[in-house]
Amino acid sequence: MEDAGKKIELYRSIQYSITLILAASDTFEDAVPKILKILCESLQWCLAEFWIVDRKNHTVRFAEAWHKSSEKISEFVVQSRQIAFSPGEGLPGRVWASGQPCWIGDIGSGSHFPRSKIADTAGFTTAVGFPLVAASAVNVLLESATIEAGWCSAAGFPPRNENEIFGVIVLFGNKPEKPDEELFGIFTIISMQIGQFIKLKQTEETLRRKIDFEKTVARVLLRISGICRICILHGIRG
């Protein structure tokens with residue numbers, strides 16, 4: 001029970017740290033390296049990656065990473081930067097297509113992990129990925145209620161379609177790990193936190209563009225009005 005209490009306290013600390021990071025960030029691009037660092041260090045994984053959905057090319061591509069100091073891991077990251085996955089391909093593609101977290105307990109045991117060879121060279125044995133979701137306000141409220149009621153588990157991540165998912169976070173480790181329902185729960189919360197942040201920034205950007213457009217229109221109308229007055233004055237004088 002003591003270990004379970006410590007684990008829950010750790011997960012709450014991670015959630016709080018990510019909340020602070022997002023609150024201090026202007027964009028998600030500013031926040032993501034710090035979030036990856038928090039996840040790696042707090043959960044004691046070796047590498048955290050962020051893969052972003054490229055809707056134009058219908059792929060998910062490598063965007064950012066944080067890892068422990070290691071030449072082998074650095075080389076793994078260099079090679080991963082050149083990769084993009086289609087829906088269902090590789091761990092990032094599988095998470096994107098399913099909208100569900102995915103846990104791989106033994107990277108080298110299956111052919112469904114395209115990066116298994118370079119992962120083995122880097123010393124990785126375990127990986128987990130979870131989606132980052134730009135949820136609507138209604139979905140956020142429903143999911144919050146689900147989590148509070150204790151219904152969220154490894155098998156009960158809220159259903160998603162790939163259009164709601166804007167990215168995937170993947171963690172790699174070098175120790176045998178077992179799926180952890182509480183960890184999947186914190187993944188859900190983190191996904192909601194980031195999704196709300198993205199939605200807020202999108203709304204702010206839309207509002208900023210609207211205000212800029214209205215200001216531009218007002219300046220144009222003012223100039224036209226000034227030109228008309230000058231024309232009228234010239235007409236009177238003529």
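Here, each number is a calculation from the coordinates, and none is a lab measurement. All figures in this text were calculated on a predicted structure; none of them were measured in a lab. Note that we place each Cβ from the backbone using ideal geometry, even for glycine, and neighbour counts take in every protein chain shown.
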Here the FRET efficiency for Arg208 versus Glu9, based on Cβ atoms and R0 = 41 Å and rounded to 0.05, is 0.55
Compactness of the stretch 1-112, expressed as Rg and Dmax over alpha-carbon positions, Å: 15.7, 49
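Fewest Cβ neighbours within 10 Å first, please rank Tyr11, Tyr16 accordingly.
Details: Tyr11 20, Tyr16 10.
Ranking Tyr11, Tyr16 by Cβ neighbours within 10 Å, fewest first, gives Tyr16, Tyr11.
In which sequence would Ile8, Ile52 go, from the one with the fewest C-beta neighbours within 10 Å to the one with the most?
Working: Ile8 13, Ile52 19.
Ranking Ile8, Ile52 by Cβ neighbours within 10 Å, fewest first, gives Ile8, Ile52.
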Can you give me the long-range amide H partners of Leu132? Hydrogens built in the peptide plane at 1.01 Å from N, cutoff under 5 Å, separation of 5 or more residues or another chain. Phe166, Gly167, Val168, Ile169
In the neighbourhood of Leu22 defined by beta carbon distances under 13 Å, the net charge of the other residues (Lys, Arg +1; Asp, Glu -1) is 0
Amide H to amide H under 5 Å from Gly123: which residues, 5+ apart in sequence or cross-chain, H placed 1.01 Å off N in plane? none
Each residue of the stretch 27-37 in order: what ³J(HN,Hα) in whole Hz does its phi give by Karplus 6.51 cos²θ - 1.76 cosθ + 1.60, θ = phi - 60°, with x for Gly and Pro? 9, 5, 4, 5, 7, 4, x, 5, 5, 4, 5
On a full-extension model of 0.36 nm per residue, what is the gain between Ala24 and Lys117, subtracting their alpha-carbon distance, rounded to one decimal in nm? 29.6 nm
